[in-house]
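The values are calculated or read from the model by the stated rules, or taken from the named source; none is laboratory data. It should be emphasised that the depicted structure is a prediction, and the values quoted were computed from it without experimental measurement. Heads up, the Cβs are rebuilt from the backbone with ideal geometry, glycines too, and the neighbour counts pull from every protein chain shown.
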Amino acid sequence: MLRSIEQLLGYGLFAKNDDVGKCKDLLFDDRWWTIRYMVADTGNWLVGHQVLVSPHMIVKADWKTRHILLNISKQKLEECPTPLEHETVSREHEKKIFQYFGYPYYWSGPGLWGSEPFPIATDAVLAAQMHEEADSKKENKKENHLRSFKVVKGYDIKALDGEIGHVKDFIVDDKSWALRYVVVDTRNWFPGGKKVLLSLDWARSIDWAESTFEVDLKKEQIENAPEFDPEQPVNVETEVRLYDYYGRPMEANIDKRLQQNIGNPFL
């Protein structure tokens, strides 16, 4: 199903029934538009460290109780090598985390999650082989493509003919953890403004330094778009209505979901 990123903030995280904190932020990969980690607010536990929860760890998300159940123990999470709270989550840090848990590198294959379209359990021996193959390739160990939702929230949205709103939220597929839509708040840009939904297929570019997000649409199109109600689920009917309004082919979006191996089209 499709879920709101903003609404995931505050969800309780439970490592085999032990409370390990709440989700305070989400980090997504700016090349694949996919959530890679939840950042936990652990209270007085593990103060000063970033506790990162990978979708690989998630057994179940209980949307009614706002609890996310994990397949690891609290001790296992506590002993995981993690960066300090003020440090960037570099590729080198990610390697240590994935090697520690025996997960395959998500950047080492054609799918969203390495060789797979979803964050599923992988044989430890196979994961180790994938690590060895990936590590043998030249890459910048300080490379970092992770972006904080809390930082990107508020980025200005630029249409082809000027600014039209700002990033309010993202809509994520809770199976693949791929971002599908951006929620745009237009209230400060024209009278009677509203929230609208835009597919990430229509993104042209992002200027991370200038905090701007450009889309392949005109202001008038966005201004007259169907209003988005965050209290209502984003279902197939919502998607079909959205694509029909913009005159864009829905089939391309469906194909992307099935293949799960297409990276960010403008990076």
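Observations
- Selection from region 1-56 of residues that are closer than 21 Å to LYS168 by Cβ and β-branched (Val, Ile, Thr): ILE5, THR34, ILE35, VAL39
- Among residues of region 88-101, those that are more than 19 Å from ILE35 (Cα to Cα) and assigned to a loop (DSSP other than H, G, I, E, B), counted: 0
- Every condition in (1) without any contact (Cβ under 8 Å) to a residue 24 or more places away in the chain; (2) within 17 Å of PHE118 (Cα to Cα); (3) surrounded by 14 or more Cβ atoms within 10 Å (Cβ to Cβ) is met by HIS93 except one, and the failing one is (2).
- Filtering region 156-172 to residues that are assigned to a loop (DSSP other than H, G, I, E, B) and either touching a helix residue (DSSP H, G or I) at 6+ places or on another chain (Cβ under 7 Å) or not assigned by TED's automatic domain parsing to the domain that holds GLU214 (or both) leaves only ASP161.
- Wholly enclosed strands (runs of 3 or more DSSP E) of region 43-82 bearing at least 2 residues within 17 Å of the chain's Cα centre (by Cα) and hydrophobic (A, V, I, L, M, F, W, C): 51-53, 58-62
- Region 58-73 residues that are surrounded by 13 or more Cβ atoms within 10 Å (Cβ to Cβ), paired with ones that are modelled with pLDDT under 95 and assigned to a loop (DSSP other than H, G, I, E, B) (beta carbon under 6 Å, 6 or more apart): SER73/LYS16
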